[in-house]
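Have a look at the structure below before the remarks.
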Amino acid sequence: MLPLLDPSLFRQQAYINGKWSDAESDKKIAVHNPATGALLGHVPNMNAIETRRAIAASNVAWQGWRSMLAKERSLILRRWQELMLEHCDDLAAIMTAEQGKSLTEARGEIAYAASYLEWFAEEAKRMYGDTIPTSAKGKRILVTKEPIGVCAAITPWNFPSAMIARKVGPALAAGCCMIVKPASLTPFSALALAELAHRAGVPPGVFNVVTGNAAAIGGEITANPLVRKLSFTGSTEVGRQLMRDSANSIKKLSLELGGNAPFIVFDDADLDAAVEGVLTSKYRNSGQTCVCVNRIYVQDGVYDVFTGKLVDAVKKNFKVGNGVEAGVNQGPLINESAVRNVETQIADALAKGARVLVGGQRHALGGNFFEPTVLADVTQDMRFAHEETFGPVAPIFRFKSDTEVVAMANDTDCGLASYFYSRDIGRIWRVAEQLEYGMVGINTGLISTEVAPFGGVKQSGLGREGSKYGVDDYLIVKYWCLAGI
Ligand code: ADP
């Protein structure tokens, strides 16, 4: 058992229509700690039938929820946020146990997740419509915003709490209800959020968590016409499948898919700041975020100095281990196949001429632990250039001109986050415009915040999360033409 101050936050049942529920089949999924392999507990292995029940309950709950005052919904969201912060230590302990990130990072994620509930609690009161100067005498034109209806969210294991909060916050603020299918590797963070939603006064059916078979639950969500919108964060491959499956019912989609973030260091950059940027962006969550730096492009004239500084910093700053231990800031990867993927990419690069400067292999601790790694002489023909790594490996490429590096940076189907370091205002403006990405970090490796729009272009997805734009995906625009005046 996890040592929690409030053990009732650790729930091993799904949450449907305000009730803790088991699967009809009574089947369960086991959840393990990626640092130790220990069994943490079980969650119900639900299928389409329970999902259909949750959707039907949400559809009923929606009528009451949408007709509440915006301020009433706002207050409930605000209470939910406060409860998250109050129980931050327990929520972080649950997250570290099932996901592996250090306790410091887990606490950071809880605060980050809660910030979305706070932001959208505020936005709930500001979903203004419009009046439009009329096109005909005797007529008036109005535009109102209405909740789209029952929404579903399918979320990944790398941010077990924040990826839910940034979807459920705007949905509930807009007056929609939501069914969440969390990743089966990290369901306990989602269920703890459900417990707190219950305590905050979220009415039955407004927020539901269905655990279990991804394909069966996803299949019901995409097929069921009562679900008007699906928001998914995860792999591009699964996103594509969900998009295909949603075609029959023409669902509105938000997709936050894979990234392949370039990080460009120009010769006029502040190199110490750029090293700091790599440390925060590349190695966050042991490299397992979709905005993690994936490719580091360094200009010829500063290549050796930058590389030397980065290697020193990596040696000095990281301690690998179980995320609950003091001082550890690099937890395990999520599972064995994640470790194998990193090994395969490194082997491919070494076979084609790259050099390991630090790390490069599994950590002496064994299990899912991998050494923080830096590779030099990486080139565009290697897998690092085209595949998301999702591990603590910094591959350093070399470039000569601005034109060349922008072409290399854009040479991918992905377009989520990008980063570059320069002090030249002309270059900053030019490069920022030319990068085909939804987000650009300039002289920073840290861009995620609830106040800004997070999302990608190209095959990194559709829609934006957070900020004033984040609520648009949960609203429909209704045009009223009023005649007979
Ligand atoms: P990751 O590589 O981050 O694990 P996935 O796309 O595999 O990304 O998983 C993200 C989420 O999508 C998880 O909740 C997972 O269970 C779910 N998922 C995986 N396959 C399907 C599917 N066929 N239909 C619906 N959801 C799925």
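The values are calculated or read from the model by the stated rules, or taken from the named source; none is laboratory data. Note that the structure is predicted; figures quoted are calculated from it, not measured. FYI the Cβ positions are ideal-geometry reconstructions off the backbone, even for glycines, and counts take in every protein chain you see. The protein model used for the area step is the full one, side chains on, heavy atoms only, and it has no ligands, DNA or RNA in it. Shrake-Rupley method; radii C 1.70, N 1.55, O 1.52, S 1.80 Å.
Within the bounds of region 421-434, is there any residue that is in contact (Cβ under 8 Å) with a residue 12 or more places away in the chain, crowded, with 22+ Cβ neighbours inside 10 Å and within 28 Å of K229 (Cβ to Cβ)? Checking region 421-434: not a single residue is in contact (Cβ under 8 Å) with a residue 12 or more places away in the chain, crowded, with 22+ Cβ neighbours inside 10 Å and within 28 Å of K229 (Cβ to Cβ). Once region 178-215 is narrowed to residues that are more than 22 Å from the chain's Cα centre (by Cα) and in a helix (DSSP H, G or I), the residue that is nearest to the ligand (Cβ to nearest atom) is H198.
In this structure, L103 qualifies as in contact with a helix residue (DSSP H, G or I) (Cβ under 9 Å, 6 or more places away or on another chain) and open to solvent by less than 50 Å² (accessible area, probe 1.4 Å). Can you tell me how many residues in region 143-153 are open to solvent by 20 Å² or more (accessible area, probe 1.4 Å), touching a helix residue (DSSP H, G or I) at 6+ places or on another chain (Cβ under 8 Å) and either within 15 Å of the ligand (Cβ to nearest atom) or farther than 18 Å from P170 by Cα (or both)? Count: 0. Here T280 meets the list (1) open to solvent by 30 Å² or more (accessible area, probe 1.4 Å); (2) near the ligand (Cβ under 10 Å from one of its atoms); (3) in contact (Cβ under 8 Å) with a residue 12 or more places away in the chain almost entirely, failing just condition (2). Just one of the numbered conditions (1) more than 16 Å from the chain's Cα centre (by Cα); (2) in a loop (DSSP other than H, G, I, E, B) is not true of Y297: (2). Contact annotation: residue pairs with Cβ atoms under 8 Å, 6 or more positions apart or on different chains, pairing a residue in region 59-86 that is within 21 Å of M127 (Cα to Cα) and hydroxyl-bearing (S, T, Y) with a partner that is at pLDDT 95 or above and surrounded by fewer than 16 Cβ atoms within 10 Å (Cβ to Cβ), are S74/E122; S74/K125. Out of curiosity, is N248 surrounded by 16 or more Cβ atoms within 10 Å (Cβ to Cβ) and more than 10 Å from the ligand (Cβ to nearest atom)? In short, no. Residue count for region 216-229 under the criterion of being open to solvent by 60 Å² or more (accessible area, probe 1.4 Å) and in a strand (DSSP E or B): the result is 1.
Scanning region 303-318 for residues that are over 22 Å from V342 (Cβ atoms) and surrounded by 18 or more Cβ atoms within 10 Å (Cβ to Cβ) yields Y303, F306. Filtering A174, A165 for residues that are away from the ligand (no atom under 15 Å from the Cβ), touching a residue at least 40 places away in the same chain (Cβ under 8 Å), small (G, A, S) and in contact with a Pro (Cβ under 7 Å, 6 or more places away or on another chain) leaves a single hit, A174.
Scan (1) farther than 30 Å from K315 by Cβ; (2) free of Cβ contacts under 8 Å to residues at least 60 places away in the same chain; (3) outside any loop (DSSP other than H, G, I, E, B) for the single condition N248 breaks and write down its number. Condition not satisfied by N248: (3). When the helices (runs of 4 or more DSSP H) confined to region 50-163 are screened for residues that are polar (S, T, N, Q) and closer than 30 Å to S184 by Cβ, those reaching at least 2 such residues are found at 88-99, 103-123. Out of L85, L91, I need the residue that is farther than 24 Å from L475 by Cβ and surrounded by fewer than 24 Cβ atoms within 10 Å (Cβ to Cβ). Which one? Just a single option satisfies the conditions, and that option is L85.
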